[in-house]
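Okay, so here's the structure we're looking at.
Each reported figure results from applying straightforward, stated rules to the coordinates on display, with no laboratory input. Remember, predicted model here, so these are calculated numbers, not experimental data. Cβ placement follows ideal geometry from the backbone for every residue including glycine, while neighbour counts extend to all protein chains displayed.
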Amino acid sequence: MSKIKTAFEKGKAFIAFITCGDPDLKTTAAAVRAAVENGADLIELGIPFSDPTAEGPVIQAANIRALKGGVTTDKIFSFVRELRCDVQVPMVFMTYANVVFSYGAEKFISTCKEIGIDGLILPDLPFEEKDEFLPICHKYGVDLVSLIAPTSENRIAMIAKEAEGFLYIVSSLGVTGTRTEIKTDLASIVKVVRENTDVPCAIGFGISNPEQAKKMADLSDGAIVGSAIVKLLAKYGKDAPKYIGEFVKSMKDAMQA
């Protein structure tokens, strides 16, 4: 059993996504610590991939910068091991099925357990194909986090019934990225989720300001923010952690208001 549920025990959870190695792993570590110190309840660490199909231009660019900088899965594993010396909040990897396959699923997931990664999010893994990884995840106590998209419709109940860790509700169709407004009927999706599981659900994709974070947290158990944080890394580089801390604090304060 992972620690993910502890992220939701103190009220609405703020989940921060950060691409590993953008611009370097030392900055990633500082960004994670700044986010946690300012109220992030769970950290989603992106393992860069050359073809990140769910990502918009902001996170795609971060993937390219990180890969050009020489980041590898093994370097990320070592980095997380070090991070776990002082970072206590739950952490999950967000990456692509191919990254896990090419590394060797058993080796990848057993290493997740060993270094203190609590869950795995694979946006390109169809729900119907999750048995590729689920037995290994269960063997090592790593939660395989499911996603529910606006197009899931009659599959929402089925996905919710089998959920573990937390449910990632995708706010909008398309790829990740900040949005000026979110028009999906998320309340009805959350209602179906609540009727079928007591696993917490958080909403992500497009959340970029405190007002949106508060609105999404009011609807669900938490808000997931990625592109807005990655934009700060693109803008400020090695100086970004300070700005990330301030940004996370503003989001968390709004969610608790």
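Table for the structure above
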read-out	value
Cα→Cβ-extended label distance, 7 Å offset, between Phe101 and Ser78, nm	2.8 nm
Reported label for calculated Kirkwood radius over Cα pairs in Å given [x] 17.9; [y] 19.2; [z] 18.4	[x]
Residue-span extension gain [Thr151 to Glu9] - 0.36 nm each, minus C-alpha spacing	48.2 nm
Cβ-based net charge around Asp86, under 14 Å, with every Lys or Arg adding one and every Asp or Glu removing one	+1
Note, ³J(HN,Hα) from phi for the range 154-162, Karplus 6.51, -1.76, 1.60, rounded to Hz, x at Gly and Pro	6, 9, 4, 4, 4, 5, 4, 4, 9
Point-to-point label distance, Ala257-Asp185, nm (Cα→Cβ direction, 7 Å offset)	2.9 nm
Residues with amide H under 5 Å from that of Leu42, placed H, sequence gap 5 or more	Phe14, Ala16
Full-extension gain in nm, Arg194 to Glu129, via 0.36 nm per residue minus C-alpha separation	21.0 nm
Cα centroid of the range 111-154 to Cα centroid of the range 64-103, whole Å	16 Å
Over 23 Å (Cα to Cα) - which of Lys10/Lys249; Lys3/Lys68; Lys113/Lys249; Lys5/Lys231 fall in this group	Lys3/Lys68; Lys113/Lys249; Lys5/Lys231
Residue-wise HN-Hα coupling along the range 235-240, computed from phi with Karplus coefficients 6.51, -1.76, 1.60 (Hz; x: Gly, Pro)	6, 10, x, 5, 8, 5
